[in-house]
2 protein chains.
Amino acid sequence: MYARGYDAVGVAELCERADARRGSFYHHWTSKQALALAMLDREWERTKREVFAPTLGGDGPVRDRLDAYGRLLAERHRRRGGPVYGCRFGNLALELSAREPAVRARVEAIFDDMRRLFAGVLAEAAARGELAAGVDPDDAADTVLALMEGLQLLAKVRNDPEVIAGLGPRLRALFDEHEERT
Amino acid sequence: MYARGYDAVGVAELCERADARRGSFYHHWTSKQALALAMLDREWERTKREVFAPTLGGDGPVRDRLDAYGRLLAERHRRRGGPVYGCRFGNLALELSAREPAVRARVEAIFDDMRRLFAGVLAEAAARGELAAGVDPDDAADTVLALMEGLQLLAKVRNDPEVIAGLGPRLRALFDEHEERT
């Protein structure tokens, strides 16, 4: 479903891959949508644990942590090999937001969570005097989120995971230049 | 197809909407993919004419032109009403890039065109001394493109066209503060 999208994968195929009967699919999941929602929750827990925590959770300069976050995401895309699939939350959002309100609401909640994680480290950066003058940490969190999703989309279109590693350098203007390392 | 995505709309329904017979569909289009490619080309011509030319084509400060571009895109989403569908090129890219190489290549070419349009006005800004120190117009064009796609994705997820109008303010750091108007 990550590789090909929601519509392109039917319940029959999901059952076959999972070696399950259709009856047992509908025993566990009331619908393909219920499965998609459960997958979203599980993937978000995993992404927080494997991508956000090890990079944003440090105590170095925040710009270095955000840079590490972008580079780790790029590295994970590279390691997976094959075509760049992009962000699984963004993919499902673009495919389903306009016609599946429950999926749109769940992805919105996940993006709100991401936004809070970025806002948290940016508030830390503000408290330590790392932000450029006039940058509001809460507003800047949306810039980071939008740029990250946009870069993952471009990486998919160009089929090049390196595009994602450009996050850190593109955020440089949010930070105080006097803090700049070369 | 813009509202619901590529997979969710079959050839039978496309024919019904267009009041055409299936035979005549395959007379005009060798496949649904050929139709998608033709639609992409037509929509890109229209977007250049109706969105890019009237905003980026002026001769005022480039930051104002980019701001006008973001506000016009938001306004068009608002006028259309109903759910926010987001960027039609980004949508198709995320749905199909990993499994339809011809669609991926066409969207990549369109994004390259967009990138050149942004790079053009940013080069103009550089020549007129409007860019902040150290900002490379060509590299900044990718920042604008990624941010724009990311904001359209967030607008779709939050079902709020206003998110898109945030492009201009979020690009402020690319420009020389001494040029700043209040």
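A single member of B:62, B:51, B:84 is within 13 Å of the chain's Cα centre (by Cα), open to solvent by less than 20 Å² (accessible area, probe 1.4 Å) and either within 14 Å of chain A (Cβ to nearest Cβ) or at pLDDT 85 or above (or both), and it is B:51.
Determine which single condition residue A:111 fails, assuming it passes every other condition in (1) free of Cβ contacts under 8 Å to residues at least 60 places away in the same chain; (2) open to solvent by less than 10 Å² (accessible area, probe 1.4 Å); (3) more than 13 Å from the chain's Cα centre (by Cα). Unmet for residue A:111, out of (1) free of Cβ contacts under 8 Å to residues at least 60 places away in the same chain; (2) open to solvent by less than 10 Å² (accessible area, probe 1.4 Å); (3) more than 13 Å from the chain's Cα centre (by Cα): (3). Output the residues belonging to segment A:154-182 that are charged (D, E, K, R) and either at pLDDT below 95 or assigned to a loop (DSSP other than H, G, I, E, B) (or both). Correct list: A:156, A:158, A:160, A:170, A:172, A:176, A:177, A:179, A:180, A:181. Can you confirm whether segment B:73-81 contains a residue that is more than 13 Å from chain A (Cβ to nearest Cβ), in contact with a helix residue (DSSP H, G or I) (Cβ under 8 Å, 6 or more places away or on another chain) and under 21 Å from residue A:151 (Cα atoms)? Yes, segment B:73-81 contains at least one residue that is more than 13 Å from chain A (Cβ to nearest Cβ), in contact with a helix residue (DSSP H, G or I) (Cβ under 8 Å, 6 or more places away or on another chain) and under 21 Å from residue A:151 (Cα atoms).
Here is a check on your reading of the model: is residue A:36 buried (at least 16 other Cβ atoms within 10 Å of the Cβ) and modelled with pLDDT under 90? Yes: the conditions hold for residue A:36. Checking each residue in segment B:119-149 for being farther than 28 Å from residue B:78 by Cα, under 22 Å from the mean Cα position of the chain (by Cα) and open to solvent by less than 20 Å² (accessible area, probe 1.4 Å) picks out only B:125.
Against the list (1) in a loop (DSSP other than H, G, I, E, B); (2) surrounded by 15 or more Cβ atoms within 10 Å (Cβ to Cβ), the condition residue B:69 fails is (1). Applying the set (1) closer than 20 Å to residue A:151 by Cα; (2) aliphatic (A, V, I, L, M); (3) not in a helix (DSSP H, G or I) to residue B:133 leaves exactly one unmet item: (1). Restricting B:133, B:93 to residues that are more than 30 Å from residue B:7 (Cβ to Cβ), modelled with pLDDT under 90 and not β-branched (Val, Ile, Thr) narrows the list to B:133. If only residues of segment A:150-160 that are in contact with an Asp or Glu (Cβ under 9 Å, 6 or more places away or on another chain) and open to solvent by less than 10 Å² (accessible area, probe 1.4 Å) are counted, the one that is farthest from residue A:63 (Cα to Cα) is A:157. Screening A:147, A:151 for residues that are within 10 Å of chain B (Cβ to nearest Cβ), farther than 12 Å from residue B:170 by Cα and either in a helix (DSSP H, G or I) or of a type in the set (S, T, N, Q) (or both) leaves exactly one candidate, A:151. For segment A:1-12, the criterion of a residue being modelled with pLDDT of 95 or more and either within 19 Å of the chain's Cα centre (by Cα) or over 24 Å from residue B:95 (Cα atoms) (or both) is satisfied by no position.
Yes or no: residue B:171 more than 7 Å from every other protein chain (Cβ to nearest Cβ), more than 13 Å from the chain's Cα centre (by Cα) and open to solvent by less than 10 Å² (accessible area, probe 1.4 Å)? Yes, satisfied.
Of the residues in segment B:93-105, at least one is touching a Pro at 6+ places or on another chain (Cβ under 6 Å) and either closer than 23 Å to residue A:109 by Cα or free of Cβ contacts under 8 Å to residues at least 24 places away in the same chain (or both). If you go through segment B:26-66 and keep only what is in contact with a helix residue (DSSP H, G or I) (Cβ under 7 Å, 6 or more places away or on another chain) and part of a loop (DSSP other than H, G, I, E, B), you end up with B:29, B:58, B:61.
The values are calculated or read from the model by the stated rules, or taken from the named source; none is laboratory data. Note that the structure is predicted; figures quoted are calculated from it, not measured. Heads up, the Cβs are rebuilt from the backbone with ideal geometry, glycines too, and the neighbour counts pull from every protein chain shown. Areas reflect the complete protein model, heavy atoms only, side chains present, ligands, DNA and RNA absent. Shrake-Rupley method; radii C 1.70, N 1.55, O 1.52, S 1.80 Å.
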